[in-house]
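As structure tokens, the structure follows; a few thoughts come after it.
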Amino acid sequence: MAGTSIRIDLTTHQKIKDIAGRENKPIGEVVADAIQRYEDDQFWRNAHAGYQRLRDDPQQWKAYQDEIRVWDVTLMDGLENEDPYYPPEELEDALGQDT
């Protein structure tokens, strides 16, 4: 794997080393995980902010709720009385037992 260097302060470097040691991971993996978490958090902050902007406009919020109600009836598509389907790799967990 190709690498590069970045400058960080000694305190941050020590924190990363400590985390890597506790989790028995390479420092690069700890940094990559932290960046992924940051991106995920940023995504959800933006999503929540978007919904908040929608809620702040009563007309748009009502239109959105009306559209959800239209689509909500398709969730089960007439399968209310059907047993749930679990793919083989999820069946054991779904049934809570060994298969």
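The values are calculated or read from the model by the stated rules, or taken from the named source; none is laboratory data. As the structure is a computational prediction, the values presented were derived from the model and not from experiment. Cβ sites come from the backbone with ideal geometry, for glycine too, and all protein chains shown count toward neighbours.
Enumerate the pairs (first residue in the stretch 12-23 and over 11 Å from ALA34 (Cβ atoms) and touching a residue at least 12 places away in the same chain (Cβ under 8 Å); second residue anywhere and surrounded by 12 or more Cβ atoms within 10 Å (Cβ to Cβ) and among the hydroxyl-bearing types (Ser, Thr, Tyr)) with beta-carbon separation below 8 Å, excluding pairs fewer than 6 apart on the same chain, so at least 6 apart or on different chains. Listed by first residue and then by second, the contacts come to nothing, as the list is empty. Here LEU79 passes the criteria (1) outside any loop (DSSP other than H, G, I, E, B); (2) surrounded by 10 or more Cβ atoms within 10 Å (Cβ to Cβ); (3) among the hydrophobic types (A, V, I, L, M, F, W, C) except the one numbered (1). All conditions in (1) hydrophobic (A, V, I, L, M, F, W, C); (2) at pLDDT 80 or above; (3) loosely packed, with under 10 Cβ neighbours inside 10 Å; (4) under 23 Å from the mean Cα position of the chain (by Cα) hold for ILE6, with the sole exception of (4).
Is it fair to say LYS25 is in a helix (DSSP H, G or I), surrounded by 10 or more Cβ atoms within 10 Å (Cβ to Cβ) and either acidic (Asp, Glu) or on the phi < 0 side of the Ramachandran plot (or both)?
Working: in a helix (DSSP H, G or I): no; surrounded by 10 or more Cβ atoms within 10 Å (Cβ to Cβ): yes; either acidic (Asp, Glu) or on the phi < 0 side of the Ramachandran plot (or both): yes.
So LYS25 fails the test.
For the stretch 53-74, does any single residue satisfy the condition of being among the β-branched types (Val, Ile, Thr), part of a loop (DSSP other than H, G, I, E, B) and more than 30 Å from ALA2 (Cα to Cα)? Checking the stretch 53-74: at least one residue is among the β-branched types (Val, Ile, Thr), part of a loop (DSSP other than H, G, I, E, B) and more than 30 Å from ALA2 (Cα to Cα).
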